[in-house]
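Student: Before we start, here is the structure in question, set down as structure tokens.
The values are calculated or read from the model by the stated rules, or taken from the named source; none is laboratory data. Please read all numbers here as calculations on a predicted model, not as lab measurements. FYI the Cβ positions are ideal-geometry reconstructions off the backbone, even for glycines, and counts take in every protein chain you see. When the accessible area is computed, the model is the full protein with side chains, heavy atoms only, and any ligands, DNA or RNA have been set aside. Shrake-Rupley method; radii C 1.70, N 1.55, O 1.52, S 1.80 Å.
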Amino acid sequence: MKKIFSIIALSAGVFALSSCNDFLDQTAETEHSAEEVWNSTFYTEGRVNKLYGAMTQDRTYSQDLAFTWNMNSDIELVDGLGDDAYNTGRERGNMNYNYSTGWSNLNDVWTALYGIVEEANQNIEGIRNSSLLANGTNNEIKTMQRYLGESLTIRALIYLDLVRFWGDVPLSLEATKSDLSNAYLGKTDRDEILDQMMADLEEAIEYLPWADEVAGYTTERVTKGYAHALLAQIALTRGGYAIREAEKPGYVTAKRNSDPVYPTQRPSNEDRKALYEKALEHLSAIITSGKHDLNPSFENEWDLVNKLKLDKTYHENLFEVPMGLNVTGELGYTVGVRLNGITSKYGYGNSSGKMKVTAPFFYSFKENDTRRDITCANFQIKKDETRENVTIEEMLGNTPFGIYVGKWDPRKMSNEWLQENLKATAKHMTGINPILMRYSQVLIYYAEVMNELVGPDANYPGDAGLTARQALAMVHMRAFADEDKAAAEAYINRLPGNKEGFFEGIVQEHAWELAGEGCRKFDLIRWNLLVDKIMEFKQNYLDDLNNGVYQKTIYFNYLDKNKTEIDMSSITWNGFPAGKGADDYEGNASSFGGSDITKTTDTQIYTNLPSISSGLVGKCTISGTTITYDAPVSGVINRYIMPIGSSTISASNGKLHNSYGFGD
């Protein structure tokens, strides 16, 4: 049975967890002294569980850090187009990089994340000072060490996200003192923060078990495998490009997309190599452990996720933030396949609106890549307007920037969810876990590191016995049926033998495999490709449209005689197959080729496209297939970074200020 954590709201505004829907009986902290709490494995577990509970809030990993704040990239867009893209009071404007320091979620996310940091700091101090850690039984010592490892790992995760969103932020490594003498802190350089988190993870790895190595210790808790992967992810982030508050001596300044006042820089080549070697060490530890593997079926892995079942066979997902059905979890409701209104088959509708993917991304897939139709949902589910109590699938039409993310799919959810949804009269949570690391991501990172250190086809001291090409092949070939694997392998073998060319293949595989999962934007940032790739996506759309890649009308068949379920494999995305014509199909719909470059009134081309990510790349003027970009309104180049919220600054006792031209 999946370990589903129920949530109890505590007076401090954080949460406690329990397994299998039995609430953990926690006594209020005020009823126990610190000595009693930290000298009891029972009470210490309750304190650690509060960390996981705090990660299930909307302002943490139920919504904002699961998908909302991870947009926009070149393939993932917030559902804010045209005028909505400039609405600075909502996520629609802010995720298009049209930021406002007055957006309330800036303060709320900051407060929620630092609340977790405070809880983790209390745990770390309490456990380190516990007599059980020093003088307990062997079992007590190991248990307390595990709780320490969990607290260190979760704190490292939170600081990684703080740095990725805000850059230099306050670094607090101790619990707040009652006299508030350490409560107000200024900013710490992001590199110092990431260095500290890597050191903490080195310690945590020694304490944590592998997934399911200890009874009940599943991938809904941070494991040794996840701590290794998180350390590698932090090392790659530390070694990558970032916009800086000031130029750092000895660092490499990017040749493009760098502001003269707030430069985009990465560490020196020597330091970067050391960071990539560190990442390799920890990625190799995961691969050689044999504790994690790829599920041979990409579809089955996502089927398990939707059904709230943990993958105990392959452990492909290294860490899933534990949500609870009817309690928390926005995946499948606010993002995913659309249930448009109330239907007889599925019950209450969802919004499934905030994250969309694009037509150029959809068309980048090979037709027989099984990831395409799992990732990109070009349809919605709704009530049939002409037949009573009939639920149908309906194609979306000409929505090149409005394709739903299909990885979270009500058609695949559990019967328990369905029965709840059929009787629901208001929004209720799916309980689907956000996945913070998959084994396929580990392999893609490994391919990147090996390619950087030695190229695509050689080995390197400390590697996992795989070349970069071999690791990438494992990810790519998994996505194809047996009869298509030879062609998939041939594609990998055709990738260039030089670092630069092979890296382009890594960037593309990253998109195909991980779209919608919250990592694309941040990896593009550290590669200094975010601006370039967004501009490339816009150009690709116009070129594809002009070159007739997109169909004006698509044709398809149904899976059932009542014509309610579309046979997705029959859709003529690339025109009619040989010997086929319109008469061979039961249904048709308009598609992305319906736009016309010659008509300046075309909304998709002349209103929506220029607005996408306009705060980062600038608004653009389109003439034919030529795009001319204005400078960003802020005047700051590559300003992907979030501003600190105005309320947070006003409450900082003068310790915090904004940079990057935000004006505080």
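Student: Say whether the condition of being within 17 Å of residue 231 (Cβ to Cβ), touching a residue at least 40 places away in the same chain (Cβ under 8 Å) and surrounded by 15 or more Cβ atoms within 10 Å (Cβ to Cβ) is met by at least one residue in region 164-186. Lay out the reasoning, then the answer.
Tutor: Let us first name the residues in region 164-186 that are within 17 Å of residue 231 (Cβ to Cβ), namely 164.
Now drop any that are not touching a residue at least 40 places away in the same chain (Cβ under 8 Å), which leaves 164.
Then keep just the ones that are surrounded by 15 or more Cβ atoms within 10 Å (Cβ to Cβ); that gives 164.
Checking region 164-186: at least one residue is within 17 Å of residue 231 (Cβ to Cβ), touching a residue at least 40 places away in the same chain (Cβ under 8 Å) and surrounded by 15 or more Cβ atoms within 10 Å (Cβ to Cβ).
Student: Which of the residues that make up region 289-310 are assigned to a loop (DSSP other than H, G, I, E, B), on the phi < 0 side of the Ramachandran plot and not acidic (Asp, Glu)?
Tutor: The first filter runs over region 289-310 and keeps only residues assigned to a loop (DSSP other than H, G, I, E, B), leaving 290-297, 307-310.
Okay, now just the ones that are also on the phi < 0 side of the Ramachandran plot, so 291-297, 307, 309-310.
Residues satisfying the conditions are 291, 292, 294, 295, 296, 297, 307, 309, 310.
Student: If I filter region 84-103 for residues that are of a type in the set (Ser, Thr, Tyr), assigned to a loop (DSSP other than H, G, I, E, B) and at positive phi, do I get at least one hit?
Tutor: For region 84-103, residues of a type in the set (Ser, Thr, Tyr), assigned to a loop (DSSP other than H, G, I, E, B) and at positive phi: present.
Student: Residue check: is residue 501 open to solvent by 10 Å² or more (accessible area, probe 1.4 Å), in a loop (DSSP other than H, G, I, E, B) and either among the small types (Gly, Ala, Ser) or touching a helix residue (DSSP H, G or I) at 6+ places or on another chain (Cβ under 8 Å) (or both)?
Tutor: Details: open to solvent by 10 Å² or more (accessible area, probe 1.4 Å): yes; in a loop (DSSP other than H, G, I, E, B): no; either among the small types (Gly, Ala, Ser) or touching a helix residue (DSSP H, G or I) at 6+ places or on another chain (Cβ under 8 Å) (or both): yes.
For residue 501, the condition - open to solvent by 10 Å² or more (accessible area, probe 1.4 Å), in a loop (DSSP other than H, G, I, E, B) and either among the small types (Gly, Ala, Ser) or touching a helix residue (DSSP H, G or I) at 6+ places or on another chain (Cβ under 8 Å) (or both) - is not met.
Student: So, one more: Can you work out which of the residues in region 409-418 that are open to solvent by 10 Å² or more (accessible area, probe 1.4 Å) and either in a strand (DSSP E or B) or in contact with a helix residue (DSSP H, G or I) (Cβ under 7 Å, 6 or more places away or on another chain) (or both) is farthest from residue 559 (Cα to Cα)?
Tutor: My answer is 413.
Student: Would you confirm, using the coordinates I've provided, whether residue 509 is touching a residue at least 40 places away in the same chain (Cβ under 8 Å) and open to solvent by less than 10 Å² (accessible area, probe 1.4 Å)?
Tutor: Answer is yes for this residue.
Student: Looking at residue 120 and the list (1) of a type outside the set (Lys, Arg); (2) under 30 Å from residue 215 (Cβ atoms); (3) open to solvent by less than 10 Å² (accessible area, probe 1.4 Å); (4) free of Cβ contacts under 8 Å to residues at least 40 places away in the same chain, which single condition is not satisfied?
Tutor: (4)
Student: Given the conditions (1) at positive phi; (2) open to solvent by 30 Å² or more (accessible area, probe 1.4 Å); (3) under 23 Å from the mean Cα position of the chain (by Cα); (4) of a type outside the set (Lys, Arg), report the number of the one that residue 436 does not fulfil.
Tutor: (1)
Student: With the condition being closer than 16 Å to residue 113 by Cβ and modelled with pLDDT of 95 or more, I'd like the helices (runs of 4 or more DSSP H) fully within region 131-239 carrying at least 3 qualifying residues. Before the answer, list the steps.
Tutor: Numbers: elements: 131-135, 138-166, 190-207, 224-239.
Here the list reads 138-166, 190-207.
Student: How many of the residues in region 615-638 are farther than 13 Å from residue 96 by Cβ and among the small types (Gly, Ala, Ser)?
Tutor: 4
Student: Here's something else I'd like to know. So residue 538 fits all but one of (1) in contact with a Leu (Cβ under 7 Å, 6 or more places away or on another chain); (2) open to solvent by 40 Å² or more (accessible area, probe 1.4 Å); what number is the exception?
Tutor: Condition (2) is where residue 538 drops out.
Student: A further question follows. Identify all residues within region 590-620 that are of a type in the set (Gly, Ala, Ser) and either open to solvent by 30 Å² or more (accessible area, probe 1.4 Å) or without any contact (Cβ under 8 Å) to a residue 12 or more places away in the chain (or both); write none if there are none.
Tutor: To start, the set of residues in region 590-620 that are of a type in the set (Gly, Ala, Ser) comprises 590-591, 593-595, 611, 613-615, 618.
Residues satisfying the conditions are 590, 594.
Student: Need a quick list: strands (runs of 3 or more DSSP E) entirely within region 548-664 having at least 1 residues that are more than 30 Å from residue 258 (Cα to Cα) and among the aliphatic types (A, V, I, L, M). Walk me through it before giving the result.
Tutor: Details: elements: 553-556, 587-590, 620-623, 626-629.
Those strands (runs of 3 or more DSSP E) span 553-556, 587-590.
Student: Looking at the structure I just gave you, is residue 286 more than 30 Å from residue 424 (Cβ to Cβ), open to solvent by less than 60 Å² (accessible area, probe 1.4 Å), in a helix (DSSP H, G or I) and touching a Gly at 6+ places or on another chain (Cβ under 9 Å)? Walk me through how you get there before you give the answer.
Tutor: Working: more than 30 Å from residue 424 (Cβ to Cβ): yes; open to solvent by less than 60 Å² (accessible area, probe 1.4 Å): yes; in a helix (DSSP H, G or I): yes; touching a Gly at 6+ places or on another chain (Cβ under 9 Å): yes.
Spelling it out, residue 286 is indeed more than 30 Å from residue 424 (Cβ to Cβ), open to solvent by less than 60 Å² (accessible area, probe 1.4 Å), in a helix (DSSP H, G or I) and touching a Gly at 6+ places or on another chain (Cβ under 9 Å).
Student: In the set 645, 635, 587, which member is over 30 Å from residue 186 (Cβ atoms) and touching a residue at least 12 places away in the same chain (Cβ under 8 Å)?
Tutor: Working: 645 fails: over 30 Å from residue 186 (Cβ atoms); 635 fails: over 30 Å from residue 186 (Cβ atoms).
Going through 645, 635, 587 in turn, just one is over 30 Å from residue 186 (Cβ atoms) and touching a residue at least 12 places away in the same chain (Cβ under 8 Å): 587.
Student: Another question, if that's okay. Please go through region 568-587 and pick out each residue that is surrounded by 15 or more Cβ atoms within 10 Å (Cβ to Cβ) and either among the charged types (D, E, K, R) or over 19 Å from residue 372 (Cα atoms) (or both). First the steps, then the outcome.
Tutor: The first filter runs over region 568-587 and keeps only residues surrounded by 15 or more Cβ atoms within 10 Å (Cβ to Cβ), leaving 568, 570-573, 585, 587.
Of everything in region 568-587, those that are surrounded by 15 or more Cβ atoms within 10 Å (Cβ to Cβ) and either among the charged types (D, E, K, R) or over 19 Å from residue 372 (Cα atoms) (or both) turn out to be 585, 587.
Student: Given the criteria within 25 Å of residue 296 (Cβ to Cβ) and touching a residue at least 12 places away in the same chain (Cβ under 8 Å), does residue 486 qualify?
Tutor: Numbers: within 25 Å of residue 296 (Cβ to Cβ): yes; touching a residue at least 12 places away in the same chain (Cβ under 8 Å): no.
Spelling it out, it is not the case that residue 486 is within 25 Å of residue 296 (Cβ to Cβ) and touching a residue at least 12 places away in the same chain (Cβ under 8 Å).
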